[in-house]
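Chemist: Attaching a single structure in structure tokens format; questions to follow.
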Amino acid sequence: MRAGRLIALLLALFLCAGARDPILVPEISQHEIQVRQGFTGADLLLFGAILTPEGARAAGDYDIVVLLEGPVRSIVVREKRKVAGIWVNADSTEFRSAPSFYALASSRPIASLVDAKTAAIYEMGLKWLQLSPVGVIDPAGQKRFSEGLVDLMRRQGLYQENENAVKISGQVLYQARIALPSSVQTGTYTAETFAVRDGRVVASALSRVTVRKEGFERVVADNAQRNGFFYGLFAVIVSISMGWIAGRLFALV
């Protein structure tokens, strides 16, 4: 009798332990990216492990979703309209908190991992980005401008969706590559990793990447921010001087 109870207790403990949610141990190939003259972009490797709280292999099959977001900023989106054969600016909308960079990588298509509500909560996908317009705008107009912003940023390589881009080895190790274009803004980028099972996010982890200017580019950027007036005046003087020198050279030819 006692042996039967002991076996039942051990079995219950085993099942409870197996049902515990895993933890993620994330890492990034570069925690700091330096933007120098001739910077052509960077290729980030985001990898890690799916483990139990004790550090062992997590039981069960999990999918992985990785989101990399750059600093948020205010962006004005303008529509172009053709008037008398000329394209002119028409309506415009400002978004106060649009990410300067957004990339998603997942082990399977998001639609097959979670429902629309969960995708919206965690912003898993460009269609679920929480873009906050300034002022009052009708839903149809907000949708039109949001889609226009996403399309523009995608064409610049600043918004990306890479489904089936996360590779999982033995349900323990995972990895994904995300390309940063040369036009990325400086600042702190957040990399958030989610473990998904049976349509539910069961674990998440956060890492950070810093993008900053170095060398001559940093000096220029710092002066542009701290001494805007003198920087602008200097830029005008340099432009006029270069134009004058070019004119003199062509005159001598």
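Read the figures in this text as sums done on the coordinates, not as results from a lab. Computed from a predicted structure; not experimentally measured. Virtual Cβ from ideal backbone geometry, glycine too; neighbours counted across all protein chains shown.
Chemist: What is the spin-label model distance, in nm, from Ser204 to Ile237 if the labels are put 7 Å beyond Cα along the C-beta direction?
Modeler: Inter-label distance under the simple model: 5.1 nm.
Chemist: Here's another thing I want to ask about it. Grab the other residues whose beta carbon is less than 10 angstrom from that of Phe47, score K and R as +1, D and E as -1, and report the net.
Modeler: On the way: positive: Lys167, Arg177; negative: Glu27.
Net charge in that neighbourhood comes out at +1.
Chemist: So for the pair Ile121, Ala179, with labels modelled 7 Å out along Cα→Cβ, what separation do we get in nm?
Modeler: For the pair Ile121/Ala179, the computed spacing is 3.4 nm.
Chemist: Which FRET efficiency value, to the nearest 0.05, do you get for Arg212 and Asp21 by plugging their Cβ-Cβ distance into 1/(1 + (r/R0)^6) with R0 = 25 Å?
Modeler: Details: r = 36 Å, r/R0 = 1.43.
After rounding, the FRET efficiency stands at 0.10.
Chemist: Within the range 132-165, what residues put their amide N at less than 13 Å from the label point 7 Å along the Cα-to-Cβ vector of Ala90?
Modeler: Zone members listed by number: 141, 144-145.
Chemist: Work from the charge dipole of the range 91-216 (Cβ charges, +1 for Lys and Arg, -1 for Asp and Glu, about the Cα centre) and give the residue of Ser207, Ala103, Ala119 farthest towards its positive end.
Modeler: Farthest along the dipole direction, towards plus: Ser207.
Chemist: Please give me the summed charge of the neighbours of Ser74: other residues whose Cβ is under 15 Å from its Cβ, Lys and Arg +1, Asp and Glu -1. Display every interim value, and only then the final one.
Modeler: On the way: positive: Arg73, Arg78, Arg96; negative: Glu94.
Taking every other residue near Ser74 into account, the sum is +2.
Chemist: Could you give the C-alpha radius of gyration of the range 14-168 expressed as a fraction of 2.2 N^0.38 Å, taking N as the number of residues it contains? It would help to have the intermediate numbers written out before the result.
Modeler: Numbers: Rg = 20.0 Å, N = 155, 2.2 N^0.38 = 15.0 Å.
Normalised Rg, Cα atoms only: 1.34.
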